[in-house]
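A quick write-up on the structure given underneath.
FYI, it's all coordinate maths here, none of it is from the lab. All values reported here derive from a predicted model rather than from experimental measurement. Reconstructed Cβ throughout: ideal geometry from the backbone, glycine too, with neighbour counts over all protein chains shown.
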Amino acid sequence: MLTPALDSVRQMQATGRIDRAGLHALVTQIERARHASMLGQQIARLAHGAIQQQPEALNLSHALRDALAQRHADLNTRGVAVHQAPKPAEVVVDATLLSALLSTLLDWSLSHACTSVDMRLDTMPWPTHARLVCRYGHTPKDQVPASGSTAHSAFGRSRAATLDCLSWQLLVQLASVMSLRVDRVDTEADTTLTLEFPDTVNDSLEGAASSKWDDAVANPDDARPLAGAQVLVIATRREVLNQIRQTLLPMRVGFDSVNTVDAARDFCRQGLPQAIIYESVMFDGAFDGLRSDIRQQCPELAWIEIVEQGDAFEISSFGGMSMARVGRDAIATSLPSALMFELAGGL
């Protein structure tokens, strides 16, 4: 995936110049490679296991609505319509994993869709479980080879391989960790994916809430899995620090704040936190040195960068370390998920 980017760089090196179209192509190629690296890291971490989930009853319809709202600009840019037919359904799952699942589902479907994407949410009566169905066309019907032809068979195999991309592998891993049932049916022109949630709260039957939910409410202290975690915030701007503070306070995490890299280094000499949240404007040679020193002492320490723009968080890697980025506009909504993603069981 990096080969086209390398070819572009070599061409620029040989000619000493690059035009606007070539620069755009190079940036696109690097972004694709970066995205593939991020997905690969997440798949590996999920497959490694030992994920400590915190199941709670969540409204699946609301979660789907929120996921779509976060991708509103992306949906408009792609010119793809997403049709919903949601019905109320409460499922017992880990909130962070559910958010990651729905985001990955949108990534996968939108990257292959050439038609509108239909999202249907309903509840099967017995045994009671919520069902999310995603259907979209992946190939225009007039481009599908005639049934029975040699080209038709080869086309089907090629299309299935294309759909089995890294986003799909991540989706399967997330569903497996969450104990969801996955069923995908591909035809020559479209794909239908069904996700079934076995742990669905059924209010119509006495005692129908799942045992996982019973365990969660029996231990209310577990409802805040980050309670007691120690976080260091490195921020130069008071308004950003206040945003982070207001978000962390309800989570019952312990946090300290500094406004320089030297102060952060002094703090860490006395004891390392479990996570460091920092403004992107802090990144320079001194900060990179601090991060390298800490990595040698504690490779599993979580790093969360607050960037100037964005309405969600993403997970990537840098030098073998997990890196989460949260847009400043989304600190209140996405920082808790980012912290959970980084600290809850090493996910």
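A protection proxy built from the mean count of other Cβ atoms within 10 Å ranks the segments 164-171, 256-263, most packed first, as 164-171, 256-263.
Kindly rank 296-303, 103-110, 232-239 from highest to lowest mean number of other beta carbons found within 10 Å of each residue.
103-110, 232-239, 296-303
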